[in-house]
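Scroll down for the structure; my scribbles are underneath it.
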Amino acid sequence: MTARAVLRGFFCALGVLTAAAGCAGGASARELRVADTHPADYPTVQALDHMGRVLAERTHGRMTLKVLHSRLMGEEAETIQHVRAGALDMARVNMAPLNELVPETVVPSLPFVFRSADHLHRVLDGPIGTDIARAFEPHGFVALAFYDSGARSFYNARHPLRRPADLKGMRVRVQQSPLAEAMIRALGAVPAALPYGQVGVALRTGVIDGAENNWPSFESARHFETAQFYSLTEHSMAPEVLLVSRRVWDELPAADQRALRDAARESVGIMRILWHEREQRARDALATAGVLVNEVDKAPFAAAMRPVWNHFTAEPRLRELLQRIQAAE
Ligand code: GTR
């Protein structure tokens, strides 16, 4: 590549030059719209921003990402449907709301299935992750990358949770997933499957008593202002996934598919660094805000939730996937 082309790509990526100056490369120029429920400063959105910069640079402005954050394209379940239909190019979502559409996403969403973040990374970075990604394709999606989502714990406005019985009768918001609902029922609580954007108001009006999420979401969505007890059950590590519509994907030339995959892959490492920093910052901010955090003996929670494993992995291919994840070092 000539020095001139490199420079042009750089200035195109910065938006200094325009299509007229040759940035877009003519008819094949493509702006991909990607939705994310989180605000601009959240790690997933920042990882997408990074990916967009890499993509624009590598393709000399021929491919760009327009990151539509803060629910601009609606709630997560809606963005999933839009991507599936090809009305939206891409979405970064959590695996749980995909549980019904893509059965393989159930397995990494099971309670206490990952032993640690390292275990999760080894699974998703290796052949098991490749197989999970492939499982999206018959359902209208191409999975480009998995992102960290830490561990989800319960928070509520009533009291610290120490044992499953402390949840009895509580109305707990969950993601829109039959598995997530079953997990709550297994603990003797009442699930309320609500979109993320409605959790704050549901907490404030007492429609729900609590919810569950990782440190950064609990802090970023400001749910701690109403639910000041955060109990470290760390029951789910359901990862995030970056999806592109299969319809959009199939129309892209092979070189563009490669560029998109490469840029997505690179954003994973950045995301892990951003995630780690943000978890720490969220914990500090929550401590300053007076949130009452308590450690929990996880064994009784895991035991109470274990029956959902059998129920949701009855199909042999899901059972096998579960066994592979368990056997992964
Ligand atoms: C967050 C996740 C979001 C969304 C949200 C929820 O941790 O990043 O994509 O799934 O949880 O609880 O709805």
Please tell me the relative contact order of the range 163-276 in percent, rounded to the nearest whole number, where contacts are Cα pairs under 8 Å and at least six residues apart. 19
Run the paramagnetic zone check for A314: 7 angstrom along Cα to Cβ, then residues of the range 75-103 with backbone nitrogen under 18 Å. 99-103
List the extent of the Cα atoms of the chain along each of their three principal axes, largest first, rounded to whole Å. 66, 46, 34
Is the shape of the range 221-329 rounded, prolate or oblate, going by the alpha carbon gyration tensor and its root eigenvalues a ≥ b ≥ c, with a/c under 1.5 for rounded and a/b larger than b/c for prolate? oblate
Express in nm, to one decimal, how much length is gained between H139 and R204 on full extension, taking 0.36 nm for each residue of separation and deducting their alpha carbon distance. 19.7 nm
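For the range 44-121, rounded, prolate or oblate, judged on the Cα gyration tensor with a ≥ b ≥ c (square roots of eigenvalues), a/c < 1.5 rounded, else prolate if a/b > b/c? Numbers along the way, then the final one.
Values: a/c = 2.43, a/b = 1.45, b/c = 1.68.
Note, shape of the range 44-121 comes out oblate.
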Normalised contact order of the chain, rounded percent, pairs of Cα under 8 Å and 6 or more residues apart: 23
Can you run the Rg to Rh ratio on the range 47-183? Use alpha carbon positions and the Kirkwood inverse-distance Rh. 1.01
What net charge is computed for the residues neighbouring A189, neighbours being all others with C-beta under 11 Å from the C-beta of A189, Lys and Arg scored +1, Asp and Glu -1? 0
Given bins 10 angstrom wide, list per bin the percent of all Cα-Cα distances in the range 211-277, short to long. 15, 34, 25, 19, 7, 0
Among R163, R258, R319, residue whose mean-square fluctuation peaks in a GNM of the chain (springs only between Cα atoms under 10 Å): R258
For the range 97-252, the spread of Cα positions along each principal axis, largest first, Å: 50, 30, 26
How big is the range 239-289 by Rg and Dmax over its Cα atoms, in Å? 16.5, 51
Of all DSSP beta bridges located in the chain, what percent are antiparallel, nearest 5? 50
Between the modelled labels at A287 and A40 (7 Å from Cα along Cα→Cβ) the distance in nm is 3.0
Among A180, A47, A303, whose mean-square fluctuation peaks in a Gaussian network model of the chain (Cα, cutoff 10 Å)? A303
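Sorted by packing (mean other beta-carbon atoms within 10 Å per residue), highest first, where do 309-315, 182-188 land?
Highest mean packing first, the order is 182-188, 309-315.
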How high is the relative contact order of the range 87-224, in percent, with contacts defined as C-alpha pairs under 8 Å that are six or more residues apart? 24
Roughly how compact is the range 176-247, stated as its Cα Rg over 2.2 N^0.38 Å to two decimals? 1.22
Please rank L98, L321, L161, fewest neighbouring Cβ atoms within 10 Å first, as an exposure proxy. L321, L161, L98
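Could you work out the helix-only [θ] at 222 nm for the chain, with each DSSP H run of four or more residues adding -39,500 (n - 2.57) and the total divided by the number of residues, to the nearest 500 deg cm²/dmol?
Calculated from helices alone, the mean residue ellipticity at 222 nm is -13500 deg cm²/dmol.
No lab work stands behind these numbers, since they all come straight from the coordinates. Given the structure is predicted, the values throughout are model-derived calculations rather than measurements. Cβ: placed from backbone, ideal geometry, glycine included. Neighbour counts: every protein chain shown.
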